[in-house]
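The values are calculated or read from the model by the stated rules, or taken from the named source; none is laboratory data. Owing to the predicted nature of the structure, the values given are computational and were not obtained by experimental measurement. Cβ sites come from the backbone with ideal geometry, for glycine too, and all protein chains shown count toward neighbours. Keep in mind that these areas ignore ligands, DNA and RNA; they rest on the heavy atoms of the full protein, side chains included. Shrake-Rupley method; radii C 1.70, N 1.55, O 1.52, S 1.80 Å.
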Amino acid sequence: MLPTMMLRTAQQGSAGRAARKDSMRTAVFGLAFAALSQVLLILARSVFDMRPMFELLPEVVVLVCFLISYSAGWMSKVRRVTTTKPMPDKVVSDADHTCPRPSGMRAIAGPRTEGVAPAAPNFRELMKLCVTQQQVEPALRMFNQMLEEGVGPDAHHIGKSVVDRFFNLVAENLSTGRLRRDGLSLFEMVEAHGLAPSTSIQNRLMVAWKSRPPKSVVSYLLRMRSAGMQLSRLSYFCIIISSERSDPVLVLKMCDEMQTLGIKPDKVAYNALLGACSHLGLCEEAGQLFDQMPNHGIIPDVKSYRIMISVNARNKKYKEAVALLETMRESGLKPDRHDYHNAIQSCISLQRIEHAVELYNDMVRADVVPSKRTVASLTTACQTPALSF
């Protein structure tokens, strides 16, 4: 706002000074003409009283010549003023001032309208202007031009600091929809300039995808990780969440790497680790992770209990599975029919049919619809000769 006000004030001051000069010049000429006319009139009258009319011819000629010369000069001045187009009063916005010079804005907008890609030195200067002046709109226009025309062959000659700050400015001001659509292109654009996407750019994209980016983004992050790129905390979490089922071994490796870097997982990351252990059949490791959650200030949620009940039931730790269901209900969490099925099946395996029936009745009272396999398993268990239900 300050450069805009200064530019507008300077323009108004220049126009005002020119107007004052013109009015002062007109007043001086008018006074001189009036004074000379009065002198000539007095002389003409005095001479007219003493001499004939033809003797006044020299004075009349002088007066006519003066009037002609003065009128010619005044008309030429008027012609110059009328033929010169005044500068229109333009309301200048902050977005138009990419730099103190108006040519900077034209240089940024010109390549897009003229279809001419600027050279790398020009791009470097324009990037500097966008970064130093924090001009968002020109930066976004330059990014759109890169998407359409590609990056020049000399892009890697631009300073790393300028590139990093420029693309951070772009990432911070792109909408969520644009980040989802062009986020991977943004990563590749930064890489084409000889840099890896900064952690702030990574976090911005992960937030736009709500920690569940597509496989293409995850593959890019893994490839850049193999090349030595520093991943952000959110990037680690997103890779873990996305690879929980498809690549549980990778999840465990990423967990060890996070621990080495001192990155503490949150609840979502812990659940992904529990899920990876479940897919790999690592019951003991899953139990250790589950027990560590309260020590890190993380309270297990429904998914945490669901994974642990399933892991213990599959690994024939029936007592632990039933105990986890009871703890889950005591914590105010609502089990679903899969949780009830695993607990009921564990009770049947422990020959605790009465407890299995109680859990079934609790499930019905909680308006949880039992699955067909739960009904079949409990019906078969209750038909034993020793029971009369």
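So is V207 of a type in the set (A, V, I, L, M), assigned to a helix (DSSP H, G or I) and over 21 Å from A171 (Cβ atoms) or not?
Against the criterion (of a type in the set (A, V, I, L, M), assigned to a helix (DSSP H, G or I) and over 21 Å from A171 (Cβ atoms)), V207 does not qualify.
To keep it simple, each residue is scored yes or no on (1) over 22 Å from R306 (Cβ atoms); (2) among the basic types (K, R); (3) open to solvent by less than 30 Å² (accessible area, probe 1.4 Å).
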residue	(1), (2), (3)
R204	yes, yes, no
R212	no, yes, no
L231	yes, no, yes
R245	no, yes, no
V251	no, no, yes
L261	yes, no, no
A272	no, no, yes
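Report, by residue number, each residue of region 262-305 that is among the basic types (K, R) and under 22 Å from K319 (Cα atoms).
K303
Go through region 362-376 residue by residue and tally those that are farther than 15 Å from R329 by Cβ, of a type outside the set (S, T, N, Q) and open to solvent by less than 40 Å² (accessible area, probe 1.4 Å).
So the count comes out to 1.
Within region 150-172, can you find the residues that are surrounded by 15 or more Cβ atoms within 10 Å (Cβ to Cβ) and either in contact (Cβ under 8 Å) with a residue 60 or more places away in the chain or within 21 Å of Q133 (Cβ to Cβ) (or both)?
Of everything in region 150-172, those that are surrounded by 15 or more Cβ atoms within 10 Å (Cβ to Cβ) and either in contact (Cβ under 8 Å) with a residue 60 or more places away in the chain or within 21 Å of Q133 (Cβ to Cβ) (or both) turn out to be I158, V162, V163, D164, R165, F166, F167, N168, L169, V170, A171.
Test S232 against the criterion of being under 30 Å from Q292 (Cα atoms), among the hydroxyl-bearing types (S, T, Y) and touching a residue at least 24 places away in the same chain (Cβ under 8 Å), and give yes or no.
Yes: the conditions hold for S232.
Among the residues in region 334-349, are any within 30 Å of A381 (Cα to Cα), out of contact with any helix residue (DSSP H, G or I) (no Cβ under 8 Å at 6 or more places or on another chain) and without any contact (Cβ under 8 Å) to a residue 40 or more places away in the chain?
No, region 334-349 contains no residue that is within 30 Å of A381 (Cα to Cα), out of contact with any helix residue (DSSP H, G or I) (no Cβ under 8 Å at 6 or more places or on another chain) and without any contact (Cβ under 8 Å) to a residue 40 or more places away in the chain.
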